[in-house]
1. Computed over the Cα atoms of region 217-262, what is the ratio Rg over Rh, Rh following Kirkwood?
2. Tell me which residues come under 5 Å, amide H to amide H, from ALA70 once H is placed; ignore anything under 5 positions away on its chain.
3. Short version: what are the Cα gyration tensor semi-axes of region 282-440, square root of 5 times each eigenvalue, largest first, in whole Å?
4. How many percent of the accessible area of the chain is carbon or sulfur, using a 1.4 Å probe?
5. In percent, what relative contact order does region 84-234 have, based on Cα pairs under 8 Å that are 6 or more apart in sequence?
6. Starting with the highest mean, order 80-87, 149-156, 102-109 by the number of other Cβ atoms within 10 Å, averaged over the residues of each peptide.
7. Can you tell me the alpha carbon radius of gyration of region 418-472 divided by the globular rule-of-thumb value 2.2 N^0.38 Å?
8. Over all alpha-carbon pairs in region 186-289, figure out the percentage whose distance exceeds 16 Å.
Amino acid sequence: MKPCFSSNHWRTVPPHSGVTRRELLRMGVLGALSVGVHSLTDRAAAQAGASWKAGVARAVITPEQAVWLAGYGSKRVPDGKLHDLWAKVLALEDATGNRAVLITTDFQGVPREMSDRVFAQLRQQLGLERHQVMLAFSHNHCGPRLGDDLGDYYPVEEEQVTRVEQYTTQMETKLVALVDEALKQLSPATLKQGVGMTGFAVNRRNNREAEVSELLAQGTPLKGPVDHSVPVLTVTRPDGKLEAVLFGYACHPTTLSFTTWCGDYPGFAQLALEQQHPGTTAMFVNTCGGDQNPLPRRSVLLCERYGRMLAQAVEDTLTKDLQPISPKLRTAFSHVGLAYDKVMTRAEIEPDLQNANPIRARWAARLLRRLDAGETFGTSYPYPLHAWQLGGEMLMLGIGAEAVVDYALRFKKEFGPGTWVCGYVDDMVAYIPSRRVWEEGGYEGGSFLYEYRHPALRWAGDVEDRIATGIHALVKKVRS
């Protein structure tokens, strides 16, 4: 049965969004839908857009063995499959041969050790440099563990360690093969962009989960910053076929907490779009949802509903006059060192061997083993930053891990309409607080870096300034 896309049934801008149209225009959320402000006329841009080449590839990544599910800090053995998990690749080439590759996956998190190996293989086998590739993961909590991602989260079972290592190696090989396939599929295409809206994401720092349903029923506005925009990029062949649609949203895929393979709401959204458009590949990127949850949650029905709401926002956008993207591509990449507030010493770590929190106890034991082996801990962590300029119309930024929504709101305001800010790229670093969130503390901004294997409990307070400085340098490079 095809999904229902009745706009009367699924309201894409609910009254609890807390953001006015004027504010959205000011932040650049709706600006990309404006007509008549392009550097080229729509007709000229459409003709130029045909000079793009695009290639698409996809593969199922649902584990065939019982690899534990990732996230939630416990042993989670899979008990079945609601739908398959996917890795998908979009390769782009502009009119002068410059290339970029976006990989989207239904993984919870990709550890740096894994992504570094993938990038190295892509360079050796396909000649792609780091600045040309983004490896995005949806942060889906009904997907499999990978390598050392959140390694201290889980009880140690040797058989499971072996299975995770084997699966991770298989995925590295599969991702490289998919990129190769997408590059081989490069052929003429037109790129266009637009922005939709949907409103199920809630700022979890400012609203108690147990109270959200009642507040919504009362029509009470929810608190805290959100980003309800749904950026959309279409890839269309010369014969009019919609080859791919890329879309994003800022929200944790944590509607579900059971032990069944599933892509959570992004998985349902992609399935709905692909059912509505046979032969099209739908791809999802999590923008900056580190402090955003789908609320209420914890049921398959809600998960399906949020997926349909997101798909409907994309569908609504496809009916509008999308902005053509001229065939010019520039890409840039860098690491910025995020400083730790204080690196832990042996004397500070040793008491945590007896900590009642098993995650922290495992963290302490691992750090002490590193010290016993003669290692020293660094004072900062290399954080990945990307900037891709597509024509004069679209700027795609990629930043690592669980960045809070403030980053998307800031960069879209600073760089203007057509700006995408993708979190959860390349490396599951940790929560990345803005200065505001760092000062407030709490889970996203406080002393919880141990959950991500860092030799410190907290970032230094200048984390936002460091990231912003790095992003501005990259944008200047791709726009010069």
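The values are calculated or read from the model by the stated rules, or taken from the named source; none is laboratory data. Just so it is clear, the structure is predicted and the values come from calculations on it, not from any experiment. Methodologically, a virtual Cβ is constructed for each residue, glycine included, from the backbone with ideal geometry; neighbour enumeration extends over all protein chains shown. These area figures cover heavy atoms from the full protein model, side chains too; ligands, DNA and RNA do not enter into them. Shrake-Rupley method; radii C 1.70, N 1.55, O 1.52, S 1.80 Å.
1. Working: Rg = 17.2 Å, Rh = 14.7 Å.
Ratio of gyration radius to Kirkwood radius: 1.17.
2. Distant-sequence amide H within range of ALA70: GLY143, ARG145.
3. Details: eigenvalues 287, 102, 34 Å².
The three semi-axes for region 282-440 are 38, 23, 13 Å.
4. The nonpolar share, carbon plus sulfur, comes to 49 percent.
5. 22
6. 102-109, 149-156, 80-87
7. Working: Rg = 11.9 Å, N = 55, 2.2 N^0.38 = 10.1 Å.
Expressed relative to 2.2 N^0.38 Å, the Cα Rg reads 1.18.
8. Taking all Cα-Cα pairs of region 186-289, the fraction more than 16 Å apart is 66 percent.
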